Amino acid sequence: MFLGVLGSVSAHGKNKLPNAPPPAALHPAASTSPRGFAQSELMSGHLIDFFVPFLPLEYRHVKLCARDAYTARGLQTDEATLDEVAKAMLYVPKERSRSPLRAANCAMDHVLNIADSYIFTPYVYPASWSEEGALRQIVSLWLVTILGAVLLFLGCGALNFYYVFDHKLMMHPLFLKNQVKQEIELSIISIFWMSFPTVAIFFWEVQGNSRLFDNISESSLGWPGVFLSIAGFLFFTDMCIYWIHRFLHHKSTYKHLHKQHHIFKIPTPFASHAFHPLDGFLQSLPYHIYPFIFPLHKAVYLSLFVFVNIWTISIHDGDYRIPGP
Ligand SMILES: [Zn+2]
């Protein structure tokens, strides 16, 4: 019955408890008494089915629900008590509890889980909004993508600008008035518009359509395969971006898409993401496409994804020489 209820209830539904047990049933003594929590009225009377109708049943969910139940009854509680209640619970095996929407082979799943655990579930969304809901996942992915991209761009850009970039370049005659401001504005606008198709790809990935894997044992070549995939990823993406860049410099496309980027003749690190949104998205496509074609370890993918962003910033840090006087 427990599994049945878990399989059929998709909302947290903490406000629709038809048979709320008396407060005593939740008291920590229930788990330390000779009978123990597992034999308490909560379990024996199947009241737990109504009490924790979560999908999936996870440790932190049980703790959140138990805390709510205590609070609703005006009882004091603490972390130790909540841990005790949560530990006494039987947990559905991970595979059983996973929704098809959160398949195993996706990297953004890790990111979503962390964001859900620490931010979204406790502080952002109403408890009735299931973590498995497609709309909630899309909104979460969008927030994570746009915040991550802006923070990475501004953070790495600023570090690079202050510690690596040669500020004498700003005296160059081709350096534009208010150029840094223009670069940052164009980058933020581009990141905003690029985030929509990017999130569509991440959502497609979260649904389990990519070839990303979790364990080295899943790679037919083991560790050498992981190193090979790093080389393959860099080769594939660099080659594709070369051809995309050539396409962007073609006379039929240049003035519409790519010219915006090259108005910054003496770029600062902040020019790294200063593209027309479609230009930026086209140049990021190879990074998204690779894990749908080739197998790749999730941790390697996330690391490479951050690495290429930092690398993009560093190639714009001005390895130029001001012509002599
Ligand atoms: Zn170019």
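The values are calculated or read from the model by the stated rules, or taken from the named source; none is laboratory data. Values in this document were obtained by computation on a predicted structure and should not be read as measured data. No Cβ is skipped: glycine too gets one built from the backbone with ideal geometry, and neighbour counts run over all protein chains shown.
Across the stretch 169-184, not a single residue is classified as within 30 Å of Val300 (Cβ to Cβ) and either modelled with pLDDT under 90 or buried (at least 18 other Cβ atoms within 10 Å of the Cβ) (or both). In this entry, Phe235 passes the filter for residues that are over 28 Å from Val150 (Cβ atoms), more than 12 Å from the ligand (Cβ to nearest atom) and in a helix (DSSP H, G or I).
For Gly208, only one of the following conditions fails: (1) of a type in the set (Gly, Ala, Ser); (2) within 16 Å of the ligand (Cβ to nearest atom); (3) closer than 24 Å to Asn113 by Cβ. What is its number? Just one mismatch for Gly208, condition (2).
Give me a count of the residues in the stretch 286-315 that are part of a helix (DSSP H, G or I), under 18 Å from Gly225 (Cα atoms) and aromatic (Phe, Trp, Tyr). Break it down into steps so the answer makes sense when it comes.
In the first step, residues of the stretch 286-315 are kept if they are part of a helix (DSSP H, G or I); the result is 286-293, 298-314.
Going one step further and asking which of them are under 18 Å from Gly225 (Cα atoms), we end up with 290-293, 298-304.
Then keep just the ones that are aromatic (Phe, Trp, Tyr); that gives 290, 292, 301.
Number satisfying all stated conditions: 3.
Of everything in the stretch 273-290 that's of a type in the set (Ser, Thr, Tyr) and in contact with a Phe, Trp or Tyr (Cβ under 7 Å, 6 or more places away or on another chain), which residue is farthest from the ligand (Cβ to nearest atom)?
Looking only at the stretch 273-290, we keep the residues that are of a type in the set (Ser, Thr, Tyr), and these are 284, 287, 290.
Checking which are in contact with a Phe, Trp or Tyr (Cβ under 7 Å, 6 or more places away or on another chain) leaves us with 287, 290.
Numbers: Tyr287: 18, Tyr290: 22 Å.
So the residue we want is Tyr290.
Quick check: anything in the stretch 246-260 more than 22 Å from the chain's Cα centre (by Cα) and among the aliphatic types (A, V, I, L, M)? Yes, the stretch 246-260 contains a residue that is more than 22 Å from the chain's Cα centre (by Cα) and among the aliphatic types (A, V, I, L, M). Of all the residues in the stretch 246-272, those that are assigned to a helix (DSSP H, G or I), more than 10 Å from the ligand (Cβ to nearest atom) and more than 16 Å from Ser190 (Cα to Cα) number 2. Considering (1) surrounded by 14 or more Cβ atoms within 10 Å (Cβ to Cβ); (2) within 19 Å of Trp193 (Cα to Cα), the lone condition that His256 does not fulfil carries the number (1).
Looking at the structure I just gave you, is Val226 assigned to a helix (DSSP H, G or I), touching a strand residue (DSSP E or B) at 6+ places or on another chain (Cβ under 8 Å) and either touching a residue at least 60 places away in the same chain (Cβ under 8 Å) or within 16 Å of the ligand (Cβ to nearest atom) (or both)?
Working: assigned to a helix (DSSP H, G or I): yes; touching a strand residue (DSSP E or B) at 6+ places or on another chain (Cβ under 8 Å): yes; either touching a residue at least 60 places away in the same chain (Cβ under 8 Å) or within 16 Å of the ligand (Cβ to nearest atom) (or both): yes.
When the stated conditions are applied, Val226 passes them.
Of the listed requirements (1) more than 16 Å from the ligand (Cβ to nearest atom); (2) crowded, with 17+ Cβ neighbours inside 10 Å, Ser217 misses just one: (2).
When Arg246 is tested against the conditions (1) closer than 21 Å to Gly157 by Cα; (2) of a type in the set (Lys, Arg); (3) modelled with pLDDT of 90 or more, the lone failure is (1).
Among the residues here, Trp243 qualifies as within 14 Å of the ligand (Cβ to nearest atom) and under 25 Å from Pro295 (Cβ atoms). Looking across the stretch 236-269, the residues that are touching a residue at least 60 places away in the same chain (Cβ under 8 Å) and not aromatic (Phe, Trp, Tyr) come down to Thr237, Gln260, Ile263, Lys265, Ile266, Pro267, Thr268, Pro269.
Within the stretch 131-154, residues that are at pLDDT below 90 have Cβ atoms under 9 Å from residues that are basic (Lys, Arg) and not in a helix (DSSP H, G or I) in these pairs: Glu132/Arg98, counting only partners at least 6 apart in sequence or on another chain.
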